[in-house]
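Undergrad: Mind having a look at this structure? Questions to follow.
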Amino acid sequence: MRVLLALFVAGSVAVAIVVVRAEPAPDPARGVDGIAAWLNQVSGDCTDVRKGGDFTAFAGPVRAKVYEPYIAEWGTCTKPPYEQLGLLVLRPGLDEAWRRALASGEVRGDPDLVFGDGFAITGSTGMEHLGLKRLECTPAACSLTEIKHH
């Protein structure tokens, strides 16, 4: 997200207007390549893109069991501070799967993903300016919330 600050003078008073311009969102139909291209466009980082591979080795057995049925495509890229940042193109239902796993005691806390429209990215450090959301869950319900700026 880019923020532009415009100043103009109205009479003898200077007025500042902040215009927030959202960057174009990635197109999940373009898959992992589309997410990586978007990250490169908005942050200048998402290099060494690799698709597929052993998702369980990347995410761990518990998360892989919950996430994997809802992943249409996945890959990684290098984006500091992450050695491997996961890029996930999603099918609907991950939120309910996480809620059920939380209710059964299979997982604790919230998923370690940030979400866009039809995709998710692992981690959250450095993602607060991208307009992505966190999935916050209780055993009764899940909701998407804005990532708070620190």
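The values are calculated or read from the model by the stated rules, or taken from the named source; none is laboratory data. Since the structure is predicted, the reported quantities are computational estimates derived from the model, not experimental observations. Side chains included, ligands, DNA and RNA excluded: accessible areas come from the protein's heavy atoms. Shrake-Rupley method; radii C 1.70, N 1.55, O 1.52, S 1.80 Å.
Undergrad: Relative contact order (percent) for the range 64-127, with alpha-carbon contacts under 8 angstrom and 6 or more residues of separation? All intermediate terms of the calculation are to be shown ahead of the outcome.
TA: On the way: 83 pairs, mean separation 18.9, N = 64.
Reported as a whole number, the value is 29 percent.
Undergrad: Determine which lysines satisfy two conditions relative to Lys51: a Cα distance under 26 Å, and not lying fewer than 8 residues away in the same chain.
TA: Straight-line reach from Lys51, under 26 Å: Lys65, Lys79, Lys133.
Undergrad: Give me the accessible area of Ile147, 1.4 Å probe, in Å² rounded to the nearest 10.
TA: 20 Å²
Undergrad: Under a 1.4 angstrom probe, counting protein chains only, how are Arg30, Arg91 ranked by accessible area, largest first?
TA: Details: Arg30 140, Arg91 110 Å².
These residues rank, largest area first, as Arg30, Arg91.
Undergrad: Return the long-range amide H neighbours of Tyr82 (sequence gap of 5 or more, or a different chain), with a cut-off of under 5 Å between placed amide H atoms.
TA: It is none; the list stays empty.
Undergrad: Need one word for the range 111-150: rounded, prolate or oblate. Basis is the Cα gyration tensor (sqrt eigenvalues a ≥ b ≥ c); a/c below 1.5 gives rounded, then a/b vs b/c decides. Spell out each step's value before the answer.
TA: Numbers: a/c = 1.92, a/b = 1.55, b/c = 1.23.
Prolate, because a/c is 1.5 or more and a/b exceeds b/c.
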